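Chemist: The structure that follows is given in the form of structure tokens.
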Amino acid sequence: MSISLTRYLVEQQRAKGRIPSELRLLLEVVARACKSISHAVNKGALGSELGDVMGSAGSENVQGEVQKKLDIIANDVLIEANEWGGHLAAMASEEMDSIHVVPNRYPQGEYLLMFDPLDGSSNIDVNVSIGTIFSVLKKVDPNKGVSEDDFMQPGTAQVAAGYCVYGPQTTLVLTVGDGVAMFTLDREQGSFVLTQENVRIPADTKEFAINMSNMRHWDEPVKRYIDECLLGEEGPRGKNFNMRWIASMVADVHRILTRGGVFMYPWDKREPGKAGKLRLMYEANPMSWLVEQAGGASTNGQQRILDIQPTQLHQRVSVILGSKNEVERVTSYHTKA
Ligand code: P6P
């Protein structure tokens, strides 16, 4: 007998007290928003009631990246879905320069929701998996008005995190601190059904994910690690490696949660002032918590990503995550260098 997302959350709430009703409402509303985004993504060039969804919106986001129409549609779906519920004080998104405070016409709650509404959107036009990444914090002081400062909490302060991957299946992956569960969208019923819980990442792997075209820009520890993988069984690792790079973090991380591997988007010399390409608050932190909850590890080469004290809403970070023994090896190469 299948277990719906709603039933899973109610049982987690009842049995383990990990999900107060406000957080359960938040997660159900986010899941419903992901269903709408999945529908629009699936329609592609056919367009949907959300309008023409392909191509660029002719604008740039705070990251200086060209926004796709679907980026903005997904962002609006998440904003509208979460404003009225009374569970949130504010939201932050890759697609918005500053935080979005819940308007006065709605009650405010104590939760803070951060998201990358459609990660990997350069893959939209070529029909490759993309996804929504989200992270949930609580306001520091429930009695004070919400501000951007409330979001400046390390990843260890997250109360929920997850993503929804829009691929051959639409799958919602979630943690509230009690392991990782996966829910597959049943389109006939229109509901997410529990398809895996207690997800575990193997500690070792033979598969690495990195954009090899950046090799000449990498720092020495990353070059050393990848060179050793490429030497295969004749080299110091004594085994052959495979490579995957989907250029959609959600799809690459989903593969790692499903069968192991190491994902790397390290700092490189192209923009030395930038810590990395990926964003800490709504990409690296939620993915790092999921990976750790599944027995993996996640560092920026020097320290555990979840321990990083944020200073800016859209700050970037170098990411090395996945199979624990591989992440520890890459990190040791950095700390020895
Ligand atoms: P590159 C997508 O734009 C993204 O933010 C991540 O989803 C992905 O891992 C990375 O950038 C891909 O970057 O430089 O390989 O195109």
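The values are calculated or read from the model by the stated rules, or taken from the named source; none is laboratory data. As the structure is a prediction and not an experimental result, all values here were calculated from the model. Don't worry about glycine lacking a Cβ; one is built from the backbone with ideal geometry, like all the others, and counts go over all protein chains shown.
Chemist: List the strands (runs of 3 or more DSSP E) that sit entirely inside the range 65-146 and contain at least 2 residues that are farther than 24 Å from TRP245 by Cα.
Modeler: Where strands (runs of 3 or more DSSP E) fall fully within the range 65-146 and carry at least 2 residues being farther than 24 Å from TRP245 by Cα, they are 88-93, 111-119, 130-138.
Chemist: Something else about it: So, PRO236, is that one within 29 Å of CYS34 (Cα to Cα) and either more than 16 Å from the ligand (Cβ to nearest atom) or part of a loop (DSSP other than H, G, I, E, B) (or both) or not?
Modeler: Considered against the rule, which asks whether it is within 29 Å of CYS34 (Cα to Cα) and either more than 16 Å from the ligand (Cβ to nearest atom) or part of a loop (DSSP other than H, G, I, E, B) (or both), PRO236 comes out as no.
Chemist: I'm told VAL222 meets every condition in (1) buried (at least 16 other Cβ atoms within 10 Å of the Cβ); (2) on the phi > 0 side of the Ramachandran plot except one. Can you identify the failing condition by its number?
Modeler: (2)
Chemist: Then there is this: Could you pull out the residue among ARG270, ARG237 that is exposed (fewer than 14 other Cβ atoms within 10 Å of the Cβ) and out of contact with any Lys or Arg (no Cβ under 7 Å at 6 or more places or on another chain)?
Modeler: ARG270
Chemist: Does the range 144-151 include one or more residues that are more than 20 Å from GLN312 (Cβ to Cβ) and either within 17 Å of the chain's Cα centre (by Cα) or away from the ligand (no atom under 16 Å from the Cβ) (or both)?
Modeler: Yes, there is a match, as at least one residue in the range 144-151 is more than 20 Å from GLN312 (Cβ to Cβ) and either within 17 Å of the chain's Cα centre (by Cα) or away from the ligand (no atom under 16 Å from the Cβ) (or both).
Chemist: Do we find that ASN240 is more than 23 Å from the chain's Cα centre (by Cα) and not assigned by TED's automatic domain parsing to the domain that holds ARG24 in this structure?
Modeler: Against the criterion (more than 23 Å from the chain's Cα centre (by Cα) and not assigned by TED's automatic domain parsing to the domain that holds ARG24), ASN240 qualifies.
Chemist: State the number of residues belonging to the range 86-107 that are without any contact (Cβ under 8 Å) to a residue 12 or more places away in the chain and not charged (D, E, K, R).
Modeler: The total comes to 1.
Chemist: Another one. Please state which of the following conditions ARG316 fails to meet, knowing it meets all the rest: (1) without any contact (Cβ under 8 Å) to a residue 40 or more places away in the chain; (2) surrounded by fewer than 24 Cβ atoms within 10 Å (Cβ to Cβ); (3) under 19 Å from PRO221 (Cβ atoms).
Modeler: Result: ARG316 passes all but (1).
Chemist: Here is a follow-up. Restricting the search to the range 84-134, which residues are of a type in the set (Gly, Ala, Ser), within 16 Å of the ligand (Cβ to nearest atom) and modelled with pLDDT of 95 or more?
Modeler: Listed by number, the residues that qualify are SER93, SER129, GLY131.
Chemist: If LYS69 satisfies all but one of (1) touching a residue at least 40 places away in the same chain (Cβ under 8 Å); (2) touching a Gly at 6+ places or on another chain (Cβ under 9 Å); (3) farther than 16 Å from ARG279 by Cβ; (4) not small (Gly, Ala, Ser), what's the number of the condition it fails?
Modeler: (1)
Chemist: If you scan the range 189-211, which residues turn out to be farther than 20 Å from VAL330 by Cα, touching a residue at least 24 places away in the same chain (Cβ under 8 Å) and either among the basic types (Lys, Arg) or not in a loop (DSSP other than H, G, I, E, B) (or both)?
Modeler: Matches in the range 189-211: SER191, PHE192, VAL193, LEU194, THR195, ARG200.
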